[in-house]
Structure formats: C-alpha cells, structure tokens
Amino acid sequence: MPQYELMYLLSSAVADTEVPAITQAVLKSIEDFGGENVLETQLGKKKLAYPIKKTRNGFYVVVNFNMDSQKINTLDAKIRSMNSSVIRYLIANQEEHLERDKKDKIAQSQIVRRIPTTTPDSALKDAPVRKEPAAPAPFFEINQEELDKKIEAALSEDLTK
C-alpha cells in the first residue's frame, strides 16, 4: 500500500479544546477507509502567510498513513465535506515524492561541475583593483562677475514692451 501524508489547517475560530475532537474525527475517517500505520503530528498554531477565509492564524496537523490508492478519492471527499473548521488540506503520495527524489539525485550526480583552476593567490592577482570614486565635478563653474552682470541685465530689462 502506498504511503500518504495529509496536512490540514484548522481555523483560528476553533477553540483549543475542540482541536482534539476534530483531529480524532479525521483519524477515524482515515481508519474507516482502511488507513494503516497512522501517525499524527500536531505542529501547533502558527501565523498564516496570507489570510484564508478571514483567518490570520491556523492550527497545523500532519498525518502519515498507508492506504489503498483507490480509496484516497473517497477520503478526499470526506475531508472536504467534513467540517468548515478545516480551511485547507493537502494529501500527498510520499512514494511518488521519494521516486522523484531518487531520479533528481541521479540526474544531479551526472551533471559535470566545473571547478575553477586558479589558486587563491593567482585569483587575487587577477582580481580588478578597486578604485576610490573621485569627488563629483560641479554642474557648472561659478564666475561671480559674470553672474552679477547677468543679474543686473535681467533686473534692468524692461518687461512692459
């Protein structure tokens, strides 16, 4: 039988005293559909990355179990219709994940990695020398005499023409 992992999230509207009853109902559903080797881990209340159904915090629970793959869809439907306190859930096939992980490791081992051939001393010699930035050049040169002449010309100009 394939191994599955169910992770579900309970709303913060659920009281802490109600959490064990809801988790027991989920575990009972898994066992009713033929789940074996059921292992539950309660991760506790955590802040969500974004609000879900006007909820900012949620109670996380992870359940690992073995079940016939033909009954997973019925378990999924049962959890979906079970309770409004379960705001998100995900059932993942662990065996598919492990197979994919093995394939990824094989593919990664076949990748040829290029290692630089320079030694640290020669790498320092080849490194560009960092120069300190020069003081910024002024936008314009101020010539006080020319500036005074331009101001006088502007002030003496007749604007009524």
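The values are calculated or read from the model by the stated rules, or taken from the named source; none is laboratory data. Every value quoted in this text rests on a predicted model; they were computed, and no experiment measured them. Using ideal geometry, Cβ is built from the backbone for each residue, glycine included, and neighbour counts are taken over all protein chains shown.
Looking at region 90-100, can you tell me whether even one residue there is among the charged types (D, E, K, R) and in contact with a strand residue (DSSP E or B) (Cβ under 6 Å, 6 or more places away or on another chain)? Yes, that holds for at least one residue.
If you go through region 19-53 and keep only what is loosely packed, with under 14 Cβ neighbours inside 10 Å, of a type in the set (D, E) and touching a residue at least 12 places away in the same chain (Cβ under 8 Å), you end up with just E36.
Total residues in region 60-85 satisfying the condition of being touching a helix residue (DSSP H, G or I) at 6+ places or on another chain (Cβ under 9 Å) and at pLDDT 90 or above: the figure is 4.
Entry remark, region 1-51: residues being of a type in the set (S, T, Y) and in contact with a strand residue (DSSP E or B) (Cβ under 7 Å, 6 or more places away or on another chain) number 6 in total.
Scanning region 28-42 for residues that are small (G, A, S) and under 10 Å from M67 (Cβ atoms) turns up G34, G35. The criterion of at least 2 residues that are aromatic (F, W, Y) is met, among strands (runs of 3 or more DSSP E) falling completely within region 1-93, by 3-11, 55-66. Among the residues examined, L6 qualifies as at negative phi and surrounded by 15 or more Cβ atoms within 10 Å (Cβ to Cβ).
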